[in-house]
1. Take the residues in segment 235-263 that are assigned to a helix (DSSP H, G or I) and within 13 Å of the ligand (Cβ to nearest atom), then tell me which one is farthest from residue 80 (Cα to Cα).
2. Taking the condition of being assigned to a helix (DSSP H, G or I) and in contact with a helix residue (DSSP H, G or I) (Cβ under 6 Å, 6 or more places away or on another chain), how many residues in segment 316-345 meet it?
3. Say whether the condition of being under 25 Å from residue 146 (Cα atoms) and either without any contact (Cβ under 8 Å) to a residue 60 or more places away in the chain or crowded, with 16+ Cβ neighbours inside 10 Å (or both) is met by at least one residue in segment 40-62.
4. State which residue is farthest from the chain's Cα centre (by Cα) when the search covers only segment 312-351 and only residues that are among the small types (Gly, Ala, Ser) and surrounded by fewer than 19 Cβ atoms within 10 Å (Cβ to Cβ).
5. Looking at the structure I just gave you, is residue 384 buried (at least 22 other Cβ atoms within 10 Å of the Cβ), of a type in the set (S, T, N, Q) and closer than 28 Å to residue 122 by Cα?
6. Please state which of the following conditions residue 101 fails to meet, knowing it meets all the rest: (1) in a helix (DSSP H, G or I); (2) within 16 Å of the ligand (Cβ to nearest atom).
7. Restricting to segment 104-130, and then to whatever is outside any loop (DSSP other than H, G, I, E, B) and among the hydroxyl-bearing types (Ser, Thr, Tyr), can you tell me which residue is farthest from the ligand (Cβ to nearest atom)?
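Every number in this text was worked out from the coordinates using simple rules, so none of it is lab data. Since we're looking at a predicted model, the values are computed, not measured. Every residue, glycine among them, receives a Cβ derived from its backbone with ideal geometry; neighbour counts consider all protein chains shown.
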Amino acid sequence: MTGKAYQKCINPDCGAEFECRAVTDGFKCPKCGELLDVRYNWDRIGVPDKLSDFSRRWASRDKPLDFSGVWRFRELLDFCDDKYKVTIGEGQTILQQNDAVAKYVDMQPGGLFLQYEGLNPSGSFKDNGMAAAFSHAKMVGAKSSACASTGNTSASVALYAHSCGLKCTVFIGSGRIAFGKLSQAMDYGAQTIQIQGDFDDCMRQVQDVCIRLGLYLLNSLNPFRLEGQKTIMYRIIEQMAWDVPDWIVVPGGNLGNSSAFGKAFHELRQLGLIERIPRMAIINATGADTLNDLVNNKKLVWNGGRVDRAVIDNYYADLTARSFSPHTCASAIEISRPVNLKKCLRAIDVCNGVVRAVTDEEICDAKAIIGKYGLGCEPASAATIAGLRRLRSEGVIAADQRVACVLTGHPLKDPNLTVNYHKERQGQFSNPPIEAPNDLEEIIRLIK
Ligand code: F0G
């Protein structure tokens, strides 16, 4: 391929290549059906010699592409002309060092960092991916878009589609979406289709609908979306004064983030921009723990791209035979057939990764701690701190290491869960409101 960027099948026995302008059915390789990557001819791109060179963009923040937390790293995702690039100001996110949360997970002060992606325009990390994917959509002249979602993707798609003039349809599982997210999809003007089923059912349907109606698919099967999500790692490094942490901890749902993060670090090392790759911990909820089960119990590995397909097929056949539907209070990661499974296995290989599953109780308690001592987050994001606590107790992560946890979504995404946790005293950190009569003396007596 002669351009700056191209698409390539991840199956080493296929390796088919396509122009970036090609939109294959469901973003899968038309030759073998595998996932596609965006790859770069780095020698044709003016990538800076060192990461700190990206700092110069801070001086020209009046330019939207330099302000964007995605596009200010544009040489590292150079797949389209500036004229197609879409931004609504995504990626102005904070890496917060947090000693109180560090104490909760039994880490030494100074070493725990929370990357708060809830600050994005639609309140979740998805906006990083959508800035990139909608730019590709514009480049290929798409008019209508669609996604399946546990909620955040639909909110983000709706916001970006509206801002760049595309129509959009979002598919959500009936009763499986947190209220904050549903309210956003409707408010941002998406056509919202509630399917009687779970996320995995929606994901299957949306792929077929996109092929039949020629809609542009915005789920993380879309490799251009993952290019945008790489920038979360660049921003963590940026905020650590261009150094890498020892560990990245991320929740695992459809496994787009973990896949993107692994690719980001692989490329940075390939380019000589970092010397070492951090380790990665991917955290499932126990009620939706396909990755955990396949990696830790079935010993599934990347194996140079020759993943043992039979293990996955048997696993999914068993889920079907049992009519299994995943269940967790962290509805964002309530997924049992993650579409990026193989890319995630590759990321585990690149980052010497580990996988754990944590219970809903652990997630809710961790969420309350992040709320009390940090900037707050939605349940799926709190799986990171619950997972980190587990990995600390196992000694996999040491107390003096530097760990960055990705808090993927805003606390107001799922107010019902938060109110129930506190009001119904569901956990050890519940902080219920106190009923008071409309009487000054009584009220004063209640204040501690
Ligand atoms: N955290 C939040 C807040 C999410 O919304 C999601 C995924 C994840 C974590 C998991 O990320 O798929 O990259 O492993 N939400 C998708 C959605 C599935 O439809 O909004 P992943």
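1. The selected residue is 258.
2. 4
3. No, the conditions are met nowhere in segment 40-62.
4. The qualifying residue farthest from the chain's Cα centre (by Cα) is 321.
5. It is true that residue 384 is buried (at least 22 other Cβ atoms within 10 Å of the Cβ), of a type in the set (S, T, N, Q) and closer than 28 Å to residue 122 by Cα.
6. For residue 101, the exception is condition (2).
7. Taking the candidates together, the pick is 104.
To keep it simple, each residue is scored yes or no on (1) buried (at least 16 other Cβ atoms within 10 Å of the Cβ); (2) without any contact (Cβ under 8 Å) to a residue 12 or more places away in the chain.
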site: 363; (1), (2): yes, no
site: 370; (1), (2): yes, no
site: 377; (1), (2): yes, no
site: 401; (1), (2): yes, no
site: 404; (1), (2): yes, no
site: 416; (1), (2): no, no
site: 419; (1), (2): no, yes
site: 437; (1), (2): no, yes
